[in-house]
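Everything below concerns the one structure shown next.
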Amino acid sequence: MTLKVYGLQNCDTCRKAKKWLEGEGIVFEFYDLRKSPIDAETLTDWLAAIGADKLINRRGTTWRELTEGQKGATGDALVSLLLEQPAILKRPIFVTNDGVSVGFDEAQKQNLAT
């Protein structure tokens with residue numbers, strides 16, 4: 001399976017991750033969450049695999065602008081919110097044969113390089 005990377009084209013961390021992957025010669029497919037939205041089933045699978053705490057970026061501007069009701073969403077309401085507001089997702093999201101992981105740090109680099 002080819003590494004799949006989900007993020008936003010204008011996200012600095014996503015750009016750094018793409019540049020690093022290219023530099024390491026790692027083959028990947030990049031999906032811009034705004035131009036190629038994911039479906040509810042995929043998002044539900046990600047939430048089940050790693051949980052909302054790891055998948056949601058609660059430090060970003062988009063999150064802070066949500067109402068308290070939106071911030072407390074769960075289940076289908078949470079999936080709908082994340083589909084409508086992809087900037088709420090932590091980025092980049094990596095999908096490999098081993099599962100789903102989020103973020104780009106030294107530990108992530110080591111996992112991707114092996």
Violations at 28 Å Cα threshold for listed pairs Lys19/Lys71; Lys35/Lys90; Lys19/Lys90 -> Lys19/Lys71
Unit charges on C-beta of K, R, D, E only; dipole of the chain, Debye
420 debye
Helix-only [θ]222 nm of the chain, DSSP H runs n ≥ 4, -39500 (n - 2.57) each, per residue, nearest 500:
-12500 deg cm²/dmol
Scan the stretch 25-60 for trypsin sites (Lys or Arg not before Pro) in coil per DSSP, keeping those whose Cβ has at most 14 other Cβ atoms within 10 Å, and list them by number.
Arg34, Lys35, Arg58, Arg59
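All of the numbers you see were taken from the coordinates with simple rules; none came from a lab. These numbers come from a predicted model, not from an experiment. Counting neighbours? That spans all protein chains shown, and the Cβs are built from the backbone with ideal geometry, glycine included.
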